[in-house]
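Undergrad: This structure is in structure tokens; I'll ask about it shortly.
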Amino acid sequence: NVISDKQLRVELTWTTPGDETVNECDGCGSDVDLHLLHENANSNHFEAKYDCYFGNKTPEWDSTSSTEDNPSLDLDDLDGWGPENIGIKITSSSTYEIGVHYWDDHTYGESFATLRVYFNGGLLYQAGPKRLNMWDWWSVASIDPGGTIQEIDDITPFEFGTF
């Protein structure tokens, strides 16, 4: 067993019925992405500074004098099933939103995402499996520094420029 040094760890896995083989190349399987948004993102997904995701794996949040409050995406799984993990040591009073985006189905069709939230080493929350179609954005939940989860569970068909 591995225990993270991060207070908050979010894990995303998914299954894609049309993609039942082990894939080992970019574009060979379904690509679903995990996002952790700082409250300053104001639900602005893909926001350059306040969204931790594949395009911003280690953003600078809150204190610029320390990296302890910065989240990190440890793996961007491009070929199906995950896991993708984001961890952060919470050092501020910020609330975070957890989201999932179905980036590219690579013609494999719908996927079913499962999200787990670990807090101080223990499983705090689990959601899914949730059916997603390509481009769907799933606002899963928000979490405050004390570990209180507020479920959102809202799926929005994503179009660039709408968030």
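The values are calculated or read from the model by the stated rules, or taken from the named source; none is laboratory data. What you see is a predicted model; the values in this text were computed from it and never measured. In this analysis, Cβ positions are derived from the backbone assuming ideal geometry, glycine residues included, and neighbour counts consider all displayed protein chains. Only protein heavy atoms, including side chains, enter the accessible area calculation; ligands, DNA and RNA are left aside. Shrake-Rupley method; radii C 1.70, N 1.55, O 1.52, S 1.80 Å.
Undergrad: Can you confirm whether GLY128 is small (Gly, Ala, Ser) and out of contact with any Ser or Thr (no Cβ under 6 Å at 6 or more places or on another chain)? Walk me through it before giving the result.
TA: Numbers: small (Gly, Ala, Ser): yes; out of contact with any Ser or Thr (no Cβ under 6 Å at 6 or more places or on another chain): no.
It is false that GLY128 is small (Gly, Ala, Ser) and out of contact with any Ser or Thr (no Cβ under 6 Å at 6 or more places or on another chain).
Undergrad: Which pairs turn up if I take residues in segment 109-123 that are on the phi > 0 side of the Ramachandran plot and look for partners that are open to solvent by 30 Å² or more (accessible area, probe 1.4 Å) and among the polar types (S, T, N, Q) with beta carbon separation below 9 Å, at least 6 apart in sequence or on another chain?
TA: Short answer, once both residue conditions are applied: GLY109/ASN133; ASN120/GLN7; GLY121/SER4; GLY121/GLN7.
Undergrad: Right, another one. Search segment 77-88 for residues being at pLDDT below 90 and open to solvent by 30 Å² or more (accessible area, probe 1.4 Å), and hand back the single one that is nearest to GLU151 (Cα to Cα). It would help to see each step written out before you state the result.
TA: Residues of segment 77-88 at pLDDT below 90: 77-82.
Checking the rest, the ones that are also open to solvent by 30 Å² or more (accessible area, probe 1.4 Å) come to 78-79, 81.
Working: LEU78: 27, ASP79: 28, TRP81: 23 Å.
The extreme case among them is TRP81.
Undergrad: Here's something else I'd like to know. Does segment 131-147 contain at least one residue that is open to solvent by 30 Å² or more (accessible area, probe 1.4 Å), closer than 24 Å to GLY18 by Cα and not in a loop (DSSP other than H, G, I, E, B)?
TA: So in segment 131-147, the residues open to solvent by 30 Å² or more (accessible area, probe 1.4 Å) come out as 131, 133-135, 144-146.
If we keep only those that are closer than 24 Å to GLY18 by Cα as well, we get 131, 133-135.
So of that shortlist, the ones also not in a loop (DSSP other than H, G, I, E, B) come out as 131.
The answer is yes; a qualifying residue exists.
Undergrad: Just give me the residues in segment 89-100 being crowded, with 23+ Cβ neighbours inside 10 Å and either of a type outside the set (A, V, I, L, M) or modelled with pLDDT under 90 (or both), in sequence order.
TA: From segment 89-100, those crowded, with 23+ Cβ neighbours inside 10 Å are 96, 98-100; that's our starting set.
Passing the criteria: TYR96, GLY99.
Undergrad: Could you please tell me which pairs satisfy a Cβ distance under 8 Å, a separation of 6+ or placement on different chains, a first residue in segment 34-46 that is on the phi > 0 side of the Ramachandran plot, and a second residue that is open to solvent by less than 40 Å² (accessible area, probe 1.4 Å)?
TA: The qualifying pairs are SER43/LEU37; SER43/GLU97; SER43/SER139; PHE46/TYR53.
Undergrad: All but one of (1) touching an Asp or Glu at 6+ places or on another chain (Cβ under 8 Å); (2) closer than 21 Å to PRO129 by Cβ; (3) modelled with pLDDT of 75 or more; (4) not charged (D, E, K, R) hold for VAL10; state the number of the condition that does not hold.
TA: Just one mismatch for VAL10, condition (1).
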